[in-house]
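Accompanying notes for the structure given below.
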Amino acid sequence: MLKIFLALFLQVQIASATVVKVGYSPVLSSAGIFIAMERGYFKEFGLEVQGTPFRSSSAPMNALLAKGELDVGGGNVTSGLWNANGENEQIKLVADKGTVSKGHDYLALLVRSDLVTEGKFKTLKDLKGLKVAFTALNGTSQEIAMSRFLQKAGLSPKDVTYLKMPYSDMNAAFRTKALDATIQLEPYISQAVEEGIAVNFASVYSVYPDQPSAVLFYSGLFAKNRKEEAVKFMAAYLRGVRDYIDAFGRGSSKSRKDIVEILKKYCEPLPDSIWEKMAPVGLNPDGYLDTKNLDSDLEWFKKMKYVEKPLSVEGHVDHSFVEAALKMIGKYKKGKN
C-alpha cells in the first residue's frame, strides 16, 4: 500500500513540475548543473529541467536566451553575448560557473609536444607564427587569456593565426598537427598530457588570476516573469556546486568517484586515470560573480572593437537570485555543507 501511495505521489509531483529549459556546455564548469540534475535537487524544488548541450560553443545559446527560447544557460562571457544582449538586458548574468582561482588551474596554455621536444618552443616568444585555436573568434575568455600570454612575450595577436574549433576537437587537432597551441580546459588538459600530444606549458592563473571563465545566465523573460522558479533553480544549482566543492576539496575518494561518474555522463567519457589527475574547476559556493574582472573583460572587448555599444557590467549582472537562494539554503560553511 505504501509503495502505491509513493508511486502516485511521485506521479503527481512530476505532473505538476515546472519545466525549465536549460542550455549547457558539456564541460567541467557545468558540474553544478549536472550534479543538481542527477541528484534530484531541481525536482525537490518542483522543477523539471530540460537540458540541451551546446558542444561547439555557447554562441548559439545567446540568441535563444535573448529570445526567451531558453530559460537558463551556462557558458563563456563572450563579445557575442554582449552584442546579443545589447542595452535591453535580454540576458542576465546571475551566478559564477567557473573561475580560474588559486588551486583551480583548470584552464591552461597547451603547446603541441613535438614543438617542445624538438626545441622549437622554449619560451612564450615562440608563440610567434603558431596556429592557436579558440571555441569562437573575435571575443572569448580564451582569447583574453592568450592576449596576456602574448603581451608577456612582447607579441600581439597579429603574430599568431587564430582558428575556431570546439574544445573536444582540439586534442584530435594536436594529434594530426593541425594545431600548435590553445587555451584548453579540463579534463582535456589531462588527456592531452597523458597521451603525450601536448605539454601543459602554463596555467591561465599565472597571467590572469581569478579570470571569470564561465557564467550562469537567465533569459530576461525568465528572470522577470518567473522569479520564484528562478530562485529555486539557483538554490538547486548551488547545492550541486557545493557537492562538487566538497568532493574535490575535502571529500572522500568515494564522494569524488561518485561526482566523477556524474560528470562522465555529460562530459567526454575519458579513462578514470585522467579524471583522477585533472585540476578542479573554481566555483563560488555562494554564487557571486567577480564583477570587477567581468568589467575588465568587457573593456578589453571594447578596446578590440568586438563590442561597440556603450555597455557596462552594472545592470546586466543580477545577484538578486543568488541572494534569495542563500536565504533558502544558507551561506556555504566550510566543513559543514
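The values are calculated or read from the model by the stated rules, or taken from the named source; none is laboratory data. Source: prediction; values computed, not measured. Backbone-built Cβ (ideal geometry, glycine too); neighbour counts: all protein chains shown. Just the protein is used for accessible areas: all its heavy atoms, side chains included, with ligands, DNA and RNA removed. Shrake-Rupley method; radii C 1.70, N 1.55, O 1.52, S 1.80 Å.
The residues of region 29-57 that are over 20 Å from TYR244 (Cβ atoms) and without any contact (Cβ under 8 Å) to a residue 60 or more places away in the chain, listed by number, are GLU48, GLN50, THR52, PHE54. Identify the residue in region 299-315 that is within 27 Å of ARG226 (Cβ to Cβ) and open to solvent by less than 50 Å² (accessible area, probe 1.4 Å) and, among all such residues, is modelled with the lowest pLDDT. Restricting to residues being within 27 Å of ARG226 (Cβ to Cβ) and open to solvent by less than 50 Å² (accessible area, probe 1.4 Å), the top hit is GLY315. Counting only residues that are over 13 Å from SER206 (Cβ atoms), charged (D, E, K, R) and assigned to a loop (DSSP other than H, G, I, E, B), region 102-112 holds 0 of them. Of the residues screened, PRO280 is not one that is at pLDDT below 95 and out of contact with any helix residue (DSSP H, G or I) (no Cβ under 7 Å at 6 or more places or on another chain). Of note, GLU268 satisfies the criterion of being open to solvent by 50 Å² or more (accessible area, probe 1.4 Å) and part of a loop (DSSP other than H, G, I, E, B).
Of the set (1) outside any helix (DSSP H, G or I); (2) over 26 Å from PRO269 (Cβ atoms); (3) out of contact with any Lys or Arg (no Cβ under 8 Å at 6 or more places or on another chain); (4) open to solvent by 10 Å² or more (accessible area, probe 1.4 Å), all apply to LEU115 but (1). The residue that is least open to solvent (accessible area, probe 1.4 Å), among those in region 321-330 that are of a type outside the set (Phe, Trp, Tyr) and more than 30 Å from ALA108 (Cβ to Cβ), is ALA325. Residues in region 21-36 that are in contact with a strand residue (DSSP E or B) (Cβ under 7 Å, 6 or more places away or on another chain) and of a type in the set (A, V, I, L, M): VAL22, VAL27, LEU28, ILE33.
Elements of the type strands (runs of 3 or more DSSP E) sitting completely within region 1-101 and holding at least 2 residues that are surrounded by fewer than 21 Cβ atoms within 10 Å (Cβ to Cβ) and at pLDDT 90 or above: these cover 18-24, 47-53.
Look at region 263-287: where a residue is closer than 14 Å to TYR188 by Cβ and a partner is assigned to a helix (DSSP H, G or I) and of a type outside the set (Val, Ile, Thr), sitting 6+ places away or on another chain with Cβ atoms under 6 Å, you get LEU270/GLN191; ILE274/SER190; ILE274/GLN191; ILE274/GLU194; LYS277/SER190; MET278/SER190; VAL281/LEU28; VAL281/SER29.
If you check ASP258, ASP318 for being crowded, with 18+ Cβ neighbours inside 10 Å and either under 24 Å from SER101 (Cα atoms) or not small (Gly, Ala, Ser) (or both), only one passes: ASP318. Across region 234-255, the number of residues qualifying as open to solvent by 20 Å² or more (accessible area, probe 1.4 Å) and in a helix (DSSP H, G or I) comes to 9. Every listed requirement among (1) open to solvent by 10 Å² or more (accessible area, probe 1.4 Å); (2) modelled with pLDDT under 95 is met by PHE134 save one, (1). Taken over region 271-295, the residue count meeting the criterion of being of a type in the set (Ser, Thr, Tyr), farther than 25 Å from TYR41 by Cβ and open to solvent by 50 Å² or more (accessible area, probe 1.4 Å) is 1.
Restricting region 118-129 to residues that are open to solvent by 20 Å² or more (accessible area, probe 1.4 Å) and part of a loop (DSSP other than H, G, I, E, B) leaves a set whose member that is nearest to ASP210 (Cα to Cα) is THR123.
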